[in-house]
Amino acid sequence: MQALILEQQDGKTLASVQSLEENRLPEGNVTVDIDWSSLNYKDALAITGTGKIIRNFPMIPGIDFAGRVHSSEDPRFHAGQQVLLTGWGVGENHWGGLASQARVNGDWLVPMPKGLDGRKAMIIGTAGFTAMLCVMALEDAGVLPDSGEIVVTGASGGVGSTAVTLLHKLGYQVAAVTGRESTHDYLRSLGANRILGRDEFAETRPLEKQVWAGAVDTVGDKVLAKLLAQMNYGGCVAACGLAGGFALPTTVMPFILRNVRLQGVDSVMTPAARRAQAWERLVRDLPESFFSQSATEITLEQAPEYASKIMSNQFHGRALVKIA
Ligand code: NDP
């Protein structure tokens, strides 16, 4: 099998495509022949060694994959069946999806939802799955299309692009926050009604004029603090990311004076029933155009180069990795 292997040398992370014997795969009851994977922000952190994502080397990164079951000791899965996987620590502490095969616990696999194939599933990937969870979190908080405008930060990234697309399709008015003028046309084509510069979110007062009914935040830090200060009474922020930093320099004011809800969103340990619901929604709510607009197809060999592009904010949309 072929795999992108991460190794450590003198405290630096080295990434290279290598051939491996299949018997080196980790323990698990289902072996999958992988057709597609993708690059998410967490993969970029791991591959470039920027974040302390990986503690045990050598590691195969790739927090998601789609493929066909090669062999299974789990009665729920049979050889040839199409499956996908996101999260569960795969690609972090268990060999992951940037390889031609993976061996995993059957509990982590999702049968390919009707209406999807492996390629589309990985254009969505962890990023799109997380965007859907964020939209569902807003709905759960009672934020509906007629509640008012929704703001999406880090809008041209994987989570942001999918959130803009989903919200637009569902009938919400969407404002996209981006640090790059070069992505404005792309964001408009996905359905953003207006676009704001990231630099407008640099300074915050504890409370500001109320602007947003809801927010999907992938950035954290000062940007999230500003969103909180600008939420409408009773609004909800679905916070899933830290592309701008993990700090949160805010006050209690939005919470105690405006009944604002800060809803955390995690995709890694999402329970199976919620996962199935989110994938069903993605099949139903993502327009066909999304798959051609947002995806850039790359090879396993190109993964390190694109991981660097993601870290230096020179990539937009989703990096789809063709494995087979
Ligand atoms: P991408 O790299 O695809 O997108 C991140 C976007 O954030 C960029 O495109 C850019 O958007 C913006 N950005 C980049 N650097 C900065 C910065 N220094 N300050 C402010 N904004 C910045 O990543 P993903 O979409 O895959 O992930 C987004 C975030 O969500 C990450 O922090 C990731 O870890 C997190 N995440 C969390 C998950 C969870 O389960 N909670 C699951 C998936 C992702 P633009 O150029 O438009 O400003």
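Annotations for the structure displayed:
- Among F246, F315, the sequence by solvent-accessible area, most first, with a 1.4 Å probe is F246, F315.
- Computed log10 I(q)/I(0) for region 45-198 at 0.12, 0.14, 0.17 Å⁻¹: -0.64, -0.82, -1.03, from the Debye equation with unit scatterers placed on every C-alpha and solvent omitted.
- Ranked order, D266, D35 - accessible area, probe 1.4 Å, largest first: D266, D35
- Carbon and sulfur %, accessible surface of the chain computed with the full protein complex present, 1.4 Å: 49 percent
- Cβ-Cβ FRET estimate between A272 and E203, R0 fixed at 56 Å, reported to 0.05: 0.85
- Kirkwood Rh and Cα Rg combined as Rg over Rh, evaluated for region 54-126: 0.96
- From the Kirkwood radius over Cα pairs of the chain, Stokes-Einstein at 25 °C and 0.890 mPa s returns a whole-number translational diffusion coefficient of 123 µm²/s.
- Ellipticity estimate at 222 nm from DSSP helix runs (n ≥ 4, -39,500 (n - 2.57)) divided over the chain, nearest 500: -8500 deg cm²/dmol
- Relative frequency of Cα-Cα separations exceeding 14 Å in region 204-276, percent: 58 percent
- Heavy-atom accessible area, probed at 1.4 angstrom with all protein chains present, ranks M132, M112 as M112, M132, highest first.
- With the simple spin-label model, which puts each label point 7 Å out from Cα in the Cβ direction, the S289 to K52 separation comes to 4.5 nm.
- With all protein chains modelled, accessible area of H78 [1.4 Å, Å²]: 110 Å²
- In Å², nearest 10: area of T183 left accessible to a 1.4 Å probe: 0 Å²
- Spatially near lysine pairs across the chain, Cα under 23 Å, sequence gap of 8 or more or different chains: 18
- Accessible surface area normalised per residue over the chain is 42 Å², counting heavy atoms of protein chains with a 1.4 Å rolling probe.
The values are calculated or read from the model by the stated rules, or taken from the named source; none is laboratory data. Computed from a predicted structure; not experimentally measured. Note that we place each Cβ from the backbone using ideal geometry, even for glycine, and neighbour counts take in every protein chain shown. Side chains included, ligands, DNA and RNA excluded: accessible areas come from the protein's heavy atoms. Shrake-Rupley method; radii C 1.70, N 1.55, O 1.52, S 1.80 Å.
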